[in-house]
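Participant: The structure follows.
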Amino acid sequence: MNVLLLSMPDSFEHMPPVAIRMPNGALTSLAGNVDPNHNVAVADLILVQRNVRETVTRLVREFNPAVVGLSIMTFQRRTASRIIDLIRALKPDVKIAVGGYDPSLAFEDYENMNVDFIVRGEGEVTLRELLRALERGSGFDKICGLSYRDNGNSRHGGNGADRNQNAWVHNPARPVHRLEDKAEDGEIRLPNRDARVLSGYTLLGRQVDVIETSRGCTYDCSFCSIIEMRGRNFHTYTFDRVLADIRDARDHGARTLFLVDDNIMLNVHRFEALCEAIIAAGLNQLDYFVQAMTSSIANHGETLAPLMRRAGFRYVFLGIENILDGDLEFLRASAKNTAREDGHNVGNATLKAVNYLHRNQMYVVGGLIVGNPADTRESIEANLEFARRYVDWPYIQHPTPYPRTPMTKEFRDQGLIQNERLEEYDGTTAVVRTEHLSADEVEFMRWKAERWMKTHHIPAVFRHDPWFVLTHSGRMLAHTFRGSSIRSAFGLEDERKAFERYKEIRRAEREYV
Ligand code: B12
Ligand code: SF4
């Protein structure tokens, strides 16, 4: 069977496609885990952001898929629905499956869309079983994690003109995979990177790829979708598998690797051993990019940070979330931001973590969330000032009520949600107000400050990749300052006018199809 897997083209403010175009790790993992008789093509539409319609049309015509799968985040739902309609118009009898965070957590909203299957939770085994069932016509009722349309005999998942009349069946959830399993127990095999049919992945001029070493997290931050997605658990791949994955990514041309684990720092000793393994295997010539808890770095930084550097880690995305205790409590992120000494809590871990990373020549991508319910102008400014002083690349977001997170219920109960347009739920568009400030005001404050912070990192990028900066800095600055003018930069025009222009440009950018 020919299977076409697509990730959505939508990107958000901190991922300017001129500098960052990363592959979606889910799709190659799915491609690596179907039965070998299927022919899979993976297309990351971020690579063709301005030619989505043409590219999808070409792929459907040339590849003639029997099944198309789409990976979707909430802010990409509207684009996904347009792509689904396009595919359906091109090939009415194709089977369409959706998966990823949005279809898993808001599956009811997909029942009215023109799709045949919703894959909830982890997808490797579910997709494998779905393709087998489609091939054999054997019915879908035994496939955990699958939702499908019941057309009476449950063998075809609905068809033709009456597709939308069929009632949905939601099979029981699929238990999370124990990644440790060996081949004979149904392991998750390595991703299939040969399935990719588009090229152009980059992170600041170097070809980038993603790898996974673990899945899951045992914390329960109120803004995070992970708990509802898979419960509180942590499973790990063996180091042999991880190293094989790194080699495979390198052999496919990658020079920078992004570790997409939900929370790799949950087991610091394992992470240290992984760094040692990367060094021993001679794979530390690559650049690594990882997401980390501040507490792990602060509490183990003395030995951990130098080791990370030796292993090739260059950028560390720190989930600082907020520097104020009240906000951290609202975000349920106090525990992962607490430093400990001699078994006692000694306050916020952030500064300590930042210092360890800087002392070891690593750069801090500062993840902060501003615009929480109790936030005032002063509390937001305190976080912005912190970012100005201590982080190398700001990654400041607004709390966003994604489906089924604890935060969403709180915002709804408090009547603070001001915007229900999901395509704007990209993290840098403020969609909730605080008790003191409108959503627009919160976003204006962040936007105004953050653009300038980003310019401070250009010299560091230049030292690493001078040619990239020479050839791309103009377009990168144009992206960062879109909406601004010479007059607004010199204070001759109200910055709010520039902000309005930026928002207008952003609205137009979101029309990908
Ligand atoms: C790594 C990561 C990133 C990386 C992305 C790197 C990349 N290109 O892959 C970076 C840091 C760049 C990033 C950015 C963003 N991210 Co992010 N990210 C993650 C993270 C940590 C892991 C995702 C991952 O790759 N997992 C590994 C893969 C294998 O698992 P998976 O994606 O779940 O896929 C499995 C299943 O979902 C399913 N599946 C997925 N797709 C499909 C498709 C089909 C057809 C099928 C059958 C099955 C299937 O099968 C897969 C294999 O089991 C998650 C979760 C978390 N703990 O925070 C957030 C997460 C996915 N991100 C999220 C968001 C919102 C964003 C941003 C919008 C910014 C933000 N607010 O944080 C941006 C958007 C990026 C853009 N396009 O511009 C949200 C999504 C919430 C939602 N409801 O949509 C999450 C869940 C975090 C959260 N806030 O809760 N992100
Ligand atoms: S520590 Fe990270 S992965 Fe875990 S719940 Fe918090 S934000 Fe989500």
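Participant: If I ask for residues that are under 18 Å from Thr303 (Cβ atoms) and open to solvent by 60 Å² or more (accessible area, probe 1.4 Å), which ones from the stretch 245-271 would you list?
Facilitator: Scanning the stretch 245-271 gives Asn267, His269.
Participant: Oh, and also: Kindly evaluate Tyr237 against the criterion of being farther than 22 Å from Tyr315 by Cα, open to solvent by less than 10 Å² (accessible area, probe 1.4 Å) and among the aromatic types (Phe, Trp, Tyr).
Facilitator: The answer is yes for Tyr237.
Participant: Given the structure, is Lys409 basic (Lys, Arg), in contact (Cβ under 8 Å) with a residue 40 or more places away in the chain and open to solvent by 10 Å² or more (accessible area, probe 1.4 Å)?
Facilitator: So Lys409 does not fit the description; no.
Participant: From the list Arg314, Arg340, Arg310, which one is more than 16 Å from ligand 2 (Cβ to nearest atom), part of a helix (DSSP H, G or I) and not hydrophobic (A, V, I, L, M, F, W, C)?
Facilitator: Selected residue: Arg310, the only one of Arg314, Arg340, Arg310 that is more than 16 Å from ligand 2 (Cβ to nearest atom), part of a helix (DSSP H, G or I) and not hydrophobic (A, V, I, L, M, F, W, C).
Participant: Any residue in the stretch 238-256 that's closer than 10 Å to Ala281 by Cβ and touching a residue at least 40 places away in the same chain (Cβ under 8 Å): show its pairings with residues that are in a loop (DSSP other than H, G, I, E, B) and open to solvent by 20 Å² or more (accessible area, probe 1.4 Å) at Cβ separation under 6 Å, as long as the two are six or more apart or on different chains.
Facilitator: Leu243/Ala281
Participant: Can you tell me which residues in the stretch 182-203 are in a loop (DSSP other than H, G, I, E, B), open to solvent by 20 Å² or more (accessible area, probe 1.4 Å) and closer than 23 Å to Val42 by Cβ?
Facilitator: Once the filter is applied, which keeps residues that are in a loop (DSSP other than H, G, I, E, B), open to solvent by 20 Å² or more (accessible area, probe 1.4 Å) and closer than 23 Å to Val42 by Cβ, the stretch 182-203 yields Gly186, Glu187, Arg189, Leu190, Pro191, Asn192, Val197, Leu198, Ser199, Gly200, Tyr201.
Participant: Please pick out the residue among Glu180, Glu212 that is out of contact with any Leu (no Cβ under 7 Å at 6 or more places or on another chain), within 16 Å of ligand 2 (Cβ to nearest atom) and in contact (Cβ under 8 Å) with a residue 40 or more places away in the chain.
Facilitator: Glu212
Participant: OK, next. Among the residues that make up the stretch 386-393, is at least one of them part of a loop (DSSP other than H, G, I, E, B) and in contact with a Phe, Trp or Tyr (Cβ under 6 Å, 6 or more places away or on another chain)?
Facilitator: yes
Participant: Same structure, new question: Considering the stretch 363-386 alone, what residues qualify as being of a type outside the set (S, T, N, Q) and either buried (at least 24 other Cβ atoms within 10 Å of the Cβ) or within 21 Å of the chain's Cα centre (by Cα) (or both)?
Facilitator: Matches in the stretch 363-386: Tyr363, Val364, Val365, Gly366, Gly367, Leu368, Ile369, Val370, Gly371, Asp375, Ile380.
Participant: Let me ask something else about it. Looking at the stretch 73-88, can you tell me whether even one residue there is modelled with pLDDT of 95 or more, within 16 Å of ligand 2 (Cβ to nearest atom), within 26 Å of Asn192 (Cα to Cα) and of a type in the set (S, T, N, Q)?
Facilitator: For the stretch 73-88, residues modelled with pLDDT of 95 or more, within 16 Å of ligand 2 (Cβ to nearest atom), within 26 Å of Asn192 (Cα to Cα) and of a type in the set (S, T, N, Q): present.
Participant: Quick check on the stretch 361-382. Is at least one of its residues assigned to a loop (DSSP other than H, G, I, E, B), touching a residue at least 12 places away in the same chain (Cβ under 8 Å) and in contact with a Cys (Cβ under 7 Å, 6 or more places away or on another chain)?
Facilitator: There is no residue in the stretch 361-382 that is assigned to a loop (DSSP other than H, G, I, E, B), touching a residue at least 12 places away in the same chain (Cβ under 8 Å) and in contact with a Cys (Cβ under 7 Å, 6 or more places away or on another chain).
Participant: Cβ-Cβ distance below 7 Å, separation of 6 or more or different chains: which pairs start in the stretch 490-513 with a residue that is more than 16 Å from Glu424 (Cβ to Cβ) and end on one that is open to solvent by 60 Å² or more (accessible area, probe 1.4 Å)?
Facilitator: Close Cβ pairs satisfying both conditions: Glu493/Arg487; Glu495/Lys448; Val513/Arg53; Val513/Arg82.
Participant: Is it the case that Tyr402 is in a loop (DSSP other than H, G, I, E, B), of a type in the set (Phe, Trp, Tyr) and touching a residue at least 60 places away in the same chain (Cβ under 8 Å)?
Facilitator: yes
Participant: While we're here: Which residues, taken from the stretch 245-264, are away from ligand 2 (no atom under 16 Å from the Cβ) and either under 17 Å from Arg215 (Cβ atoms) or not small (Gly, Ala, Ser) (or both)?
Facilitator: Matches in the stretch 245-264: Asp245, Ile246, Arg247, Asp248, Arg250, Asp251, His252, Arg255, Thr256, Leu257.
Participant: Another question, if that's okay. Looking for something farther than 25 Å from Trp393 by Cα, more than 16 Å from ligand 2 (Cβ to nearest atom) and open to solvent by 30 Å² or more (accessible area, probe 1.4 Å) - is there at least one such residue anywhere in the stretch 321-337?
Facilitator: No, the conditions are met nowhere in the stretch 321-337.
Participant: Please go through the stretch 299-320 and give me each residue that is hydrophobic (A, V, I, L, M, F, W, C), over 18 Å from Leu286 (Cβ atoms) and under 19 Å from the mean Cα position of the chain (by Cα), ordered by number.
Facilitator: Selection gives Leu318, Ile320.
Participant: Scanning for something within 30 Å of Arg82 (Cα to Cα), of a type outside the set (Val, Ile, Thr) and within 16 Å of ligand 1 (Cβ to nearest atom), does the stretch 370-390 turn up at least one residue?
Facilitator: Within the stretch 370-390, none of the residues are within 30 Å of Arg82 (Cα to Cα), of a type outside the set (Val, Ile, Thr) and within 16 Å of ligand 1 (Cβ to nearest atom).
Participant: Take the residues in the stretch 10-33 that are in a loop (DSSP other than H, G, I, E, B) and over 15 Å from the mean Cα position of the chain (by Cα), then tell me which one is surrounded by the most Cβ atoms within 10 Å (Cβ to Cβ).
Facilitator: Asn33
Participant: Hey, another quick one. Quick check on Thr57: is it open to solvent by less than 10 Å² (accessible area, probe 1.4 Å) and either farther than 13 Å from Leu6 by Cα or among the hydroxyl-bearing types (Ser, Thr, Tyr) (or both)?
Facilitator: no
Participant: Only residues that are surrounded by 15 or more Cβ atoms within 10 Å (Cβ to Cβ) and out of contact with any strand residue (DSSP E or B) (no Cβ under 9 Å at 6 or more places or on another chain): list them for the stretch 387-405, please.
Facilitator: Scanning the stretch 387-405 gives Tyr402, Pro403, Arg404, Thr405.
The values are calculated or read from the model by the stated rules, or taken from the named source; none is laboratory data. Predicted model only: the values in this text are computed from it and were never measured. Note that each Cβ is placed from the backbone with ideal geometry, even for glycine, and that neighbours are counted across all protein chains shown. Heavy atoms of the whole protein, side chains included, go into the accessibility calculation; ligands, DNA and RNA do not. Shrake-Rupley method; radii C 1.70, N 1.55, O 1.52, S 1.80 Å.
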